[in-house]
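Below is one structure, written out as structure tokens; the observations come after it.
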Amino acid sequence: MLDRILRYFVWESRAIAGAPVTFGAAALVTAALISCAVIWAVRRHETTSLQRQLAEYREKLGGASPDQAKAALDILTDEVAALQARLKPRRVSAQQQRTIADRLRLPPGTQYALAIVQEGGCWDCPQYAADFDGAFRGAPGWSVSHRVIMGLAQRPPHGLAVVVIDPAHPAAQESLLLQALQAAGIEFDLEAALSPLDKEPQLLLAARAPE
């Protein structure tokens, strides 16, 4: 048996020596197969690593998909834009001033009085009041006065209110004022005067209440 095995190995050696090209090709094929196996193993590892990173990303987003994360970001962007709008000082544009002045035109000889009252400490009220003053002074027949009040008990929700004697039955000059503001697209609240001595309508400017 041992003699037969030795003769086999001698024969294999002679075969290799007699066909070196064939043996070399076989060795190259074997090496290529091993390399392919190694590359496959590496790529499988990389795929697993990417899957793990994706899972960690989703965990950080609370399980949200990229589309859901984008939607959340869009909502946050809208909230920031709304906050910036609230921090922007209120103004009455030139077009709005012209509209108010046109709607407040009075027949010759008619005189109406109006008080612009602003809350002390309101950061954008002075310029806001000046804009309204410019609109009213552009309408002949209106006498405009200014007052500042401190410690306003309750601010109007819109930060602007028209104060009249009887909101349910506004007088002629009060109705004219309401219509002018509505035509200019200015939002306001309608409030009743606290004192019966306040005969003239008031335009009350206050800091906007937080939402």
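Just so you know, all these numbers are worked out from the coordinates, no wet-lab data involved. Note that the structure is a prediction, hence the values are computed from the model and not measured. Positions of Cβ are generated from backbone atoms using ideal geometry, with glycine treated the same way; all protein chains shown enter the neighbour counts.
Between Tyr57 and Thr110, full extension at 0.36 nm per residue minus the direct alpha carbon distance yields a gain of 11.9 nm.
When peptides 107-113, 171-177, 181-187, 195-201 are sorted by average Cβ neighbour count within 10 Å, with the highest value leading, the order is 171-177, 181-187, 195-201, 107-113. With a Förster radius of 35 Å applied to the beta-carbon distance between Asp74 and Trp123, the computed FRET efficiency rounds to 0.70. The simple spin-label model puts a point 7 Å past each Cα toward its Cβ; for Asp166 and Ala183 those points are separated by 2.6 nm. Straight-line cross-link reach from Lys88 at under 29 Å between alpha-carbon atoms covers these lysines, not counting any fewer than eight positions away in the same chain: Lys70.
Counted residue by residue at 0.36 nm each, then reduced by the alpha carbon distance between them, the extension gain from Arg90 to Leu50 reaches 9.2 nm.
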